[in-house]
């Protein structure tokens, strides 16, 4: 488990997009948006994923920073407030977008997986000690290469578009593996421990930028 004094920060964008504009959406992410964000001071890397099977939001983007304070920095605030024309066009095409900023309060594993399973844990149904204990078990299972928990900071998680509802103080459990089956199985186990069902979403990696 990550035991550093200052947890890393993370931005998570989970979204759908109009089918007619999906190709341009992917070009924008791959050729402009991710590069812009990774170039900002304090940003370490960025990753993109596409859902495997049905999902209310087929696209997932994760950005890793030195700390949560990066999202309060003048450089990031300026970039967030002054989006490019290409960005604004694609924001208008995105649907049901959820934007979360928070600390990676738990990180386990030295690698990154080609497959990721995601579980959203609602407020009041999780605690860090409980999740730390669960992920310690998960991380020891064959095929699992990484497990992490993002604790959503409501104050920093401003919606990306005006029609998007704000996210609550929830937690994202993310389990990564070389193949989707062990990631889904282990994340499903955590969900059942928490009394949650049918809330695990599977993704395959598309792109990674950064160190």
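Read-outs: derived from the displayed coordinates by stated rules, not from any lab. This is a predicted model, so every value here is computed, not measured. Positions of Cβ are generated from backbone atoms using ideal geometry, with glycine treated the same way; all protein chains shown enter the neighbour counts.
A few points about this structure:
- Based on Cα contacts under 8 Å between residues 6+ apart, the chain shows a relative contact order of 28 percent.
- Computed label-point distance, nm, for sites residue 179 and residue 110 using a 7 Å Cα→Cβ extension: 2.4 nm
- Shape category assigned to region 142-210 from the gyration tensor of Cα positions, a/c cut at 1.5: oblate
- Taking 80, 49, 71 as the candidate residues, the one with maximal mean-square fluctuation in a Gaussian network model of the chain, Cα springs under 10 Å, is 80.
- With contacts taken as Cα pairs under 8 Å and at least 6 residues apart, region 66-185 reaches a relative contact order of 35 percent.
- Mean residue ellipticity (222 nm) of the chain, computed from DSSP H runs ≥ 4 via -39,500 (n - 2.57), nearest 500: -7500 deg cm²/dmol
- Spacing of the two label points (7 Å from each Cα toward its C-beta) at residue 35 and residue 197, in nm: 4.8 nm
- The C-alpha atoms of the chain define a longest principal axis, and helix 180-193 lies at about 70 degrees to it.
- Cα-Cα P(r), region 9-210, percent of pairs per 5 Å interval: 1, 7, 16, 21, 22, 17, 10, 5, 1, 0
- A straight line joining the Cα centroids of region 145-190 and region 69-99 runs 19 Å.
- Inter-probe distance in nm under a simple model that places probes 7 Å from Cα toward Cβ, at residue 130 and residue 208: 3.2 nm
- Choice from 193, 32, 85 with maximal GNM fluctuation in the chain (Cα, 10 Å cutoff): 85
- Taking 0.36 nm per residue of sequence separation and removing the Cα-Cα distance, the residue 20/residue 78 pair yields an extension gain of 17.8 nm.
- Once C-alpha pairs closer than 8 Å and six or more residues apart are averaged by separation and normalised to the residue number of region 139-208, the relative contact order reads 29 percent.
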